[in-house]
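Here the structure comes first, spelled out in structure tokens, and everything after it is commentary.
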Amino acid sequence: MAIIFNQSKRYRDLSFLDIAQLSEDQAWGKLKEILWGNGDEVKCPFCQKWDKHYFIEPRKIWSCKNESCHKQFSVTSCTPFEKHKLPLVKIFLIIYFFASEHQGLSNNTFHSQLGVSLKTVFHNVSKIREAIYETNNLTPLTGIVHIDCAHFGGKPRRSNIRKKTDSYVVNNRLRSRKDAIVPDKNAHPEPENLEKLKNRRILLTMSQCDMTDIGSTGSNRTICYVIKNETANIIIPLIKRHVSKDAVIMTDYGGAFRPIYRETGIRHFAVNHSEEYMTKNGVTNNMAEAFFSRLRRAEFGTYNGMRPQYFAFYSAEFVWRQDSKHLTLREKFNDLLKRILSREPSKAFTNYNHGNRLGFEYLG
């Protein structure tokens, strides 16, 4: 189990002090090694030319030899951390904190420990989430795939006048069920609650089971999409794109899943959750439900809410946490560094405080 592995000595192969004791030159060398290896040749991120470009030692930058380029660049040029003001060691510490947390990372947790502002931590952690989203593995899932949908955000509040609130809806359905986020309008007619419902988003999760000789040991790969409506005409095309034809799909009795076999030709089994969580034949969608449980705890316990505009980034973060649960801390840290350095500057969080926000949502 992942929790036992996280308590093992093998998992603890990188510590906070290992990062904090690095010099700036060592951190710079780590980035250069990941980008271009240990040789003298480097690649200009502007013209893509490999060469022994002119190196300006005091500033740790290169000047491109290409006559049509001649631009100067560094190890963070054309990456999410270009034009950074933080020391590289502090950026490494933010990445380490992100990798070592299991239930998400609250920006309020450690910004004072690093001696930086809350906004600084928010921007850098958000860039990590965006890089994870942009580097997700979207190749088709195989084997047994558990699929489900869950509603996030837009949670109504109790009415000020108790007699206007249906206590059954409040005390039961608002907790974790889908009905919680789509309440009966007769029970919650307040304008502020109807306005909150506009922030509701639906997360479609497809989770591939990790099958061994002794059965399933959890999931080993997950694909998520944020959608606005839980309907077959939205969900079926995503299943066609991301589930292999020879896979076996397991879902609940949701109406959007009923035409899966007819529309895709993929074998499909369902469990009736109003009667049982798993059938006698082993049909269940517990891997998807478990993913939702972790994300739900982060929504209310760690982040205290997720903006719809950036919900796709938060869900991608938990896809990464789910799929990397058997990696050591060093492997997680290196994986995040490689993902970040493989991406272009952030679309959503460059000049964020100057109004350059993401003007759209990533929807399936």
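The values are calculated or read from the model by the stated rules, or taken from the named source; none is laboratory data. On a predicted model such as this, the values are computed, not experimentally measured, just so you know. Ideal geometry is used to build each Cβ from the backbone, glycine not excepted, and the neighbour counts take in all protein chains shown. Heads up: the accessible areas ignore ligands, DNA and RNA and are worked out on the full protein's heavy atoms, side chains in. Shrake-Rupley method; radii C 1.70, N 1.55, O 1.52, S 1.80 Å.
For the reader, a short list of remarks on this structure follows.
- Pairs are defined by a Cβ separation below 8 Å, a sequence spacing of at least 6 or placement on different chains, a first member in segment 298-311 that is in contact (Cβ under 8 Å) with a residue 24 or more places away in the chain, and a second member that is hydroxyl-bearing (Ser, Thr, Tyr) and in a loop (DSSP other than H, G, I, E, B); the pairs so defined are THR302/SER106; TYR303/SER106.
- Qualifying residue in segment 208-217 (condition: surrounded by fewer than 22 Cβ atoms within 10 Å (Cβ to Cβ), charged (D, E, K, R), over 22 Å from the mean Cα position of the chain (by Cα) and at pLDDT 65 or above): no
- Among (1) within 21 Å of GLY364 (Cβ to Cβ); (2) in a loop (DSSP other than H, G, I, E, B) - the single one THR284 does not satisfy: (1)
- Within this structure, LEU105 fails the test of being more than 24 Å from VAL319 (Cβ to Cβ) and either crowded, with 19+ Cβ neighbours inside 10 Å or not basic (Lys, Arg) (or both).
Quick grid of which residues meet (1) part of a loop (DSSP other than H, G, I, E, B); (2) buried (at least 17 other Cβ atoms within 10 Å of the Cβ); (3) at pLDDT below 65; (4) among the β-branched types (Val, Ile, Thr):
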| site | (1), (2), (3), (4) |
| --- | --- |
| ASN124 | no, yes, no, no |
| LYS127 | no, yes, no, no |
| THR139 | yes, no, no, yes |
| CYS149 | no, yes, no, no |
| ARG175 | no, no, yes, no |
| ASN186 | yes, no, yes, no |
| ILE202 | no, yes, no, yes |
| ARG221 | no, yes, no, no |
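- Lone unmet requirement of (1) open to solvent by less than 60 Å² (accessible area, probe 1.4 Å); (2) at pLDDT below 90 for PHE300: (1)
- Lone unmet requirement of (1) buried (at least 20 other Cβ atoms within 10 Å of the Cβ); (2) in contact with a helix residue (DSSP H, G or I) (Cβ under 9 Å, 6 or more places away or on another chain); (3) not aromatic (Phe, Trp, Tyr) for CYS64: (2)
- Exactly one residue among LEU17, LEU93 is open to solvent by 20 Å² or more (accessible area, probe 1.4 Å) and of a type in the set (A, V, I, L, M, F, W, C), and that residue is LEU17.
- Hits in segment 346-355 (condition: open to solvent by 70 Å² or more (accessible area, probe 1.4 Å) and free of Cβ contacts under 8 Å to residues at least 60 places away in the same chain): ASN351, HIS354
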